[in-house]
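Some notes on the structure that comes next.
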Amino acid sequence: GSLVGADRNMVKSADWDGLEAGWLTADDPDGTQTAFVNPPYSNAGEWLERCAYWGVSMDVIALVNVGTGTNYWAITSMPEAAAVCFPRGRIAFLRDGEPVKGNRYEQALILYSDSMSARRAFIEVFSRIGNVVTVAKSEAV
């Protein structure tokens, strides 16, 4: 099973665009569910801005390439995150339940949430697969 254990996967489809639509649903108007986002790597910045926005109302976990020299990493990923997991080794993606070879990039899992219990759960679960750091959100100067 998945370590993420998300209630919803936020994916762009012909019927739904997470960059435009709200993420709270009729069955979860208070944002008690966890959302998982694997943004298109060509457009990660906009998706991570949405993760940060919705992370105030719900728990959001995003899977992104580690790109410490990119704008999305410096501006959106780290300053807005509650915690980040840097997995040991590369993540094996699955297709039809089987690992797909050839992942050439390192990924990180980023938690966006204002909940301390979500932060503790993220640390407990994801420290099994890598190093987890918590991020102190800075006040605007």
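The values are calculated or read from the model by the stated rules, or taken from the named source; none is laboratory data. Remember, predicted model here, so these are calculated numbers, not experimental data. No Cβ is skipped: glycine too gets one built from the backbone with ideal geometry, and neighbour counts run over all protein chains shown. For the accessible areas, the whole protein counts, side chains as well, though only heavy atoms, and no ligand, DNA or RNA atoms are used. Shrake-Rupley method; radii C 1.70, N 1.55, O 1.52, S 1.80 Å.
Suppose the chain between ARG88 and ASN131 were pulled fully straight at 0.36 nm per residue; how much longer would it get relative to their current alpha carbon spacing?
Details: separation 43, 0.36 × 43 = 15.48 nm, distance 0.75 nm.
Additional length available on full extension: 14.7 nm.
Give a residue-ordered list of calculated ³J(HN,Hα) values for region 84-90 (Karplus: 6.51 cos²θ - 1.76 cosθ + 1.60, θ = phi - 60°; whole Hz; x for Gly, Pro).
In residue order, the calculated couplings are 9, 10, 9, x, 6, x, 8 Hz.
Within 10 Å, count the other beta carbons around each residue, average over each peptide in 85-97, 66-78, and list them highest first. Display every interim value, and only then the final one.
Values: 85-97: 11.9, 66-78: 15.7.
Taking the mean over residues of other Cβ atoms within 10 Å, the ranking is 66-78, 85-97.
If you count only protein heavy atoms and use a 1.4 Å probe, how large is the accessible surface of GLU98, to the nearest 10 Å²?
Number for this one is 120 Å².
Which FRET efficiency value, to the nearest 0.05, is calculated for ILE123 and THR70 with the Förster distance at 30 angstrom and r the Cβ-Cβ distance? Before the final figure, lay out the partial values.
On the way: r = 25 Å, r/R0 = 0.84.
Computed FRET efficiency for ILE123 and THR70: 0.75.
With all protein chains present, how much of the accessible area of region 87-141 (probe radius 1.4 Å) comes from carbon and sulfur, to the nearest whole percent?
52
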